[in-house]
Amino acid sequence: MNQMSSMPPSRPPALPALVSFSGDRGEFRRLVTRGALLELITVGFYRFWLATDIRRHLWSHTAIDGDAAEYSGRGKELLIGFLVALAILVPVYLAYFLAGLEAERVKAFASFPLLAFLYLFGQFAIYRARRYRLTRTVWRGVRFWMSGSGWAYAARAVLWGLLMLLTLGLILPWREAALERYKMRHSYYGDLQGSFEGRGWEFFKRGWWLWLLAIPSIVVFPLAPFVYGAFKAVEWRWWLSGIRFGGVRLESKLPHGALIGLYWKVIGWNLLLAAALVAYIGLGMSLLASTSGIPFNEYFKQIALSQSIMASIPGFAVISVGYLAFALALNVVMRIYLLRDMWARVVSSTAIHGIEAAANVAAKGELANALGEGLPTDLTLRDFRVA
Amino acid sequence: MNDAPASDGVAARAVFYFDGTSSRRHAVTIGFADRLEIVEDGETLAVWSYADIRRADGPTGTLRATCLTALPLARLEIRDRAIATDLIARCARLEESARGHRGVGAIVGWSLAAAISIVLVVLYGVPLAADRLAPLVPQALERRLGDVADRQIRALFGGKVATIRRARLPSSSL
């Protein structure tokens with residue numbers, strides 16, 4: 001029997017290249033659990049090295065057309081970026097405090113310009129952080145890199161932000177499209193220039209009903225995770241499908257409901273951990289009461305009389321330990337579900353067309369510093385977006 | 001030891017080389033001579049000293065190696081366990097660039113030192129500085145600070161704050 005006859009006939013357009021994620025979930029869980037404990041011991045300083053380890057894990061287990069990516073950043077670079085950002089922000093706060101002495105006399109709470117500046121600086125930081133991560137992303141021995149100006153991006157983001165306020169967020173699709181166009185046309189893989197072809201109108205058509213549901217979902221709690229999960233899925237799919245590098249074209253088939261379960265799991269863990277925290281504090285307090293020799297009711301009366309539970313030092317210690325453990329555990333849960341699992345789902349929904357255009361790309365581009373990474377950012381996958 | 005390259009049939013699918021100047025994937029064979037030879041179709045692409053070879057971050061089951069004297073992004077990827085073991089045995093300094101237990105210990109130590117220094121500054125440094133600086137603050141500045149706080153409290157609590165009677169300097173003297 002001829003082996004060839006069982007194969008599908010070759011078609012002129014090549015089959016899309018697959019993107020796959022092969023990371024072991026247990027390994028990631030150990031990584032973030034150990035990282036959370038080290039964060040506790042190092043009063044938070046370990047987060048730069050933990051972020052680096054997380055990215056190394058996610059990048060190196062993500063294979064594009066059979067070849068795994070590599071994250072070449074270092075924790076030390078993130079620490080330096082943080083210190084430089086601190087050196088910029090502390091004088092700004094001080095100068096603002098002094099200027100505020102005059103301004104506040106004119107009108108109380110005239111701190112709007114400070115918030116505006118922080119928003120501008122935050123947008124600048126987003127651009128510079130993206131540039132840092134992109135220049136640390138290597139595939140087939142060639143790095144990604146970025147040109148463009150962080151301030152030019154920040155100015156655009158602020159203007160679009162004003163429009164967002166005026167239109168109650170309805171303009172979000174066009175804002176994202178415009179900002180992605182700026183970011184992508186300044187992104188490169190070697191000498192292959194990026195671009196973004198997602199249209200605001202496309203995003204709007206797919207997501208307008210979620211905008212309508214946004215207000216009810218704030219009031220009706222169980223609706224929120226559905227609406228937000230669906231919104232994120234629509235956004236990911238639209239964003240990924242708009243990415244181009246030269247002749248390379250990405251396409252995502254992420255279903256609407258793909259991420260909703262992850263948000264529910266985080267909520268479930270949150271409730272479980274909160275229940276454990278309450279039980280632990282209750283148990284700890286009863287133990288304290290029994291060892292103090294004072295009858296149970298009297299002990300709590302004393303605490304109530306002193307207005308605050310904080311007045312009792314052992315009680316304060318019990319609550320602090322419990323709360324820290326709760327916060328650390330919640331961090332671990334969020335990193336597992338909202339980083340690792342979400343990454344795995346988004347990545348495996350993606351196909352790449354025209355990958356042969358990236359088969360022989362010349363290396364180009366310089367490394368960028370980690371200044372933008374210095375600002376605290378929320379723990380979402382958005383921070384980990386690279387391409 | 002066996003100096004001959006691994007058999008072509010296996011190596012062609014198991015060892016890849018990226019030279020760091022382009023994204024071209026070279027299916028190569030490696031030869032364990034006195035230095036590591038990276039060969040594609042009979043042509044030697046690179047020769048790496050074993051002492052300069054370091055591990056780069058790679059997926060589970062793949063040995064991804066780099067070389068100190070080669071281009072920074074040149075990578076050799078070995079996806080066959082037996083070949084990887086052969087190379088690891090020859091590279092005594094393979095793991096030197098990786099962050100081991102000593103690295104984590106240093107991070108913990110320096111973080112604790114930083115935390116202790118911040119606590120000491122807050123406990124002793126700030127009160128000391130405050131004592132030294134307080135007499136130097138002009139009264140006009142103190143009055144301004146007071147005015148600002150006064151306005152904020154009024155704005156926060158609306159009419160619920162009773163007017164505090166106090167002496168006011170003529171504004172021209174401020």
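Just checking, does region A:171-191 include any residue being over 19 Å from the mean Cα position of the chain (by Cα), more than 14 Å from chain B (Cβ to nearest Cβ) and within 19 Å of A:ILE64 (Cβ to Cβ)?
Among the residues of region A:171-191, at least one is over 19 Å from the mean Cα position of the chain (by Cα), more than 14 Å from chain B (Cβ to nearest Cβ) and within 19 Å of A:ILE64 (Cβ to Cβ), which makes the answer yes.
Taking into account only those residues within region A:163-218 that are assigned to a loop (DSSP other than H, G, I, E, B) and among the hydrophobic types (A, V, I, L, M, F, W, C), which is surrounded by the most Cβ atoms within 10 Å (Cβ to Cβ)?
Residues of region A:163-218 that are assigned to a loop (DSSP other than H, G, I, E, B), as a first pass: A:167-171, A:186, A:190-191, A:197-199.
Going one step further and asking which of them are among the hydrophobic types (A, V, I, L, M, F, W, C), we end up with A:168, A:170-171.
Details: A:LEU168: 11, A:LEU170: 13, A:ILE171: 17.
Ranking the candidates gives A:ILE171 first.
Go through region A:25-43 and give me each residue that's closer than 11 Å to A:ILE336 by Cα and outside any helix (DSSP H, G or I). Working first, answer last.
Step one: filter region A:25-43 for residues closer than 11 Å to A:ILE336 by Cα, giving A:25-33.
The answer is none; no residue qualifies.
Answer yes or no as to whether A:ALA17 is modelled with pLDDT of 90 or more and either more than 10 Å from chain B (Cβ to nearest Cβ) or surrounded by fewer than 16 Cβ atoms within 10 Å (Cβ to Cβ) (or both).
Numbers: modelled with pLDDT of 90 or more: no; either more than 10 Å from chain B (Cβ to nearest Cβ) or surrounded by fewer than 16 Cβ atoms within 10 Å (Cβ to Cβ) (or both): yes.
No, not satisfied.
Condition first: at pLDDT below 90 and at the interface with chain B (Cβ under 9 Å from one of its Cβ atoms). Can you find one or more residues in region A:80-89 that meet it?
The answer is no; no qualifying residue exists.
Taking the conditions exactly as written (crowded, with 19+ Cβ neighbours inside 10 Å, closer than 19 Å to A:ILE64 by Cα, within 14 Å of chain B (Cβ to nearest Cβ) and not aromatic (Phe, Trp, Tyr)), does A:ALA357 satisfy them or not?
Values: crowded, with 19+ Cβ neighbours inside 10 Å: no; closer than 19 Å to A:ILE64 by Cα: yes; within 14 Å of chain B (Cβ to nearest Cβ): yes; not aromatic (Phe, Trp, Tyr): yes.
Answer is no for this residue.
Considering only residues that are within 14 Å of another protein chain (Cβ to nearest Cβ) and not in a loop (DSSP other than H, G, I, E, B), which ones fall in region A:136-155? Before the answer, list the steps.
Of the residues in region A:136-155, the ones within 14 Å of another protein chain (Cβ to nearest Cβ) are A:136-145.
A:THR137, A:VAL138, A:TRP139, A:VAL142, A:ARG143, A:PHE144, A:TRP145, listed by residue number.
Among the residues that make up region A:54-73, is at least one of them in a loop (DSSP other than H, G, I, E, B), more than 9 Å from every other protein chain (Cβ to nearest Cβ) and farther than 27 Å from A:GLU251 by Cβ?
Yes; the residues of region A:54-73 include at least one that is in a loop (DSSP other than H, G, I, E, B), more than 9 Å from every other protein chain (Cβ to nearest Cβ) and farther than 27 Å from A:GLU251 by Cβ.
Can you pull out every residue in region B:8-33 that is at pLDDT 90 or above, out of contact with any Leu (no Cβ under 7 Å at 6 or more places or on another chain) and in a loop (DSSP other than H, G, I, E, B)?
Scanning region B:8-33 gives B:SER23, B:ARG24, B:ARG25.
Scan A:VAL318, A:VAL333, A:VAL347 and give me the residue that is modelled with pLDDT under 85 and under 30 Å from A:LYS265 (Cα atoms).
On the way: A:VAL333 fails: modelled with pLDDT under 85; A:VAL347 fails: modelled with pLDDT under 85.
Criteria check complete, one pass: A:VAL318.
Taking only region A:248-288 into account, find how many residues are aliphatic (A, V, I, L, M) and in contact (Cβ under 8 Å) with a residue 40 or more places away in the chain. Outline the logic, then answer.
Of the residues in region A:248-288, the ones aliphatic (A, V, I, L, M) are A:248, A:250, A:254, A:258-260, A:262, A:266-267, A:271-279, A:281, A:283, A:285, A:287-288.
Subsequent filtering for residues that are in contact (Cβ under 8 Å) with a residue 40 or more places away in the chain retains A:248, A:250, A:254, A:258-259, A:262, A:266-267, A:273-274, A:276-277, A:281.
The qualifying residues number 13.
Right, A:LEU262: over 30 Å from A:LEU192 (Cα atoms), in contact with an Asp or Glu (Cβ under 6 Å, 6 or more places away or on another chain) and modelled with pLDDT of 90 or more or not?
Values: over 30 Å from A:LEU192 (Cα atoms): yes; in contact with an Asp or Glu (Cβ under 6 Å, 6 or more places away or on another chain): yes; modelled with pLDDT of 90 or more: yes.
The answer is yes for A:LEU262.
The values are calculated or read from the model by the stated rules, or taken from the named source; none is laboratory data. Since we're looking at a predicted model, the values are computed, not measured. When we count neighbours, we look across all protein chains shown, and the Cβ atoms used for this are built from the backbone with ideal geometry, even at glycine.
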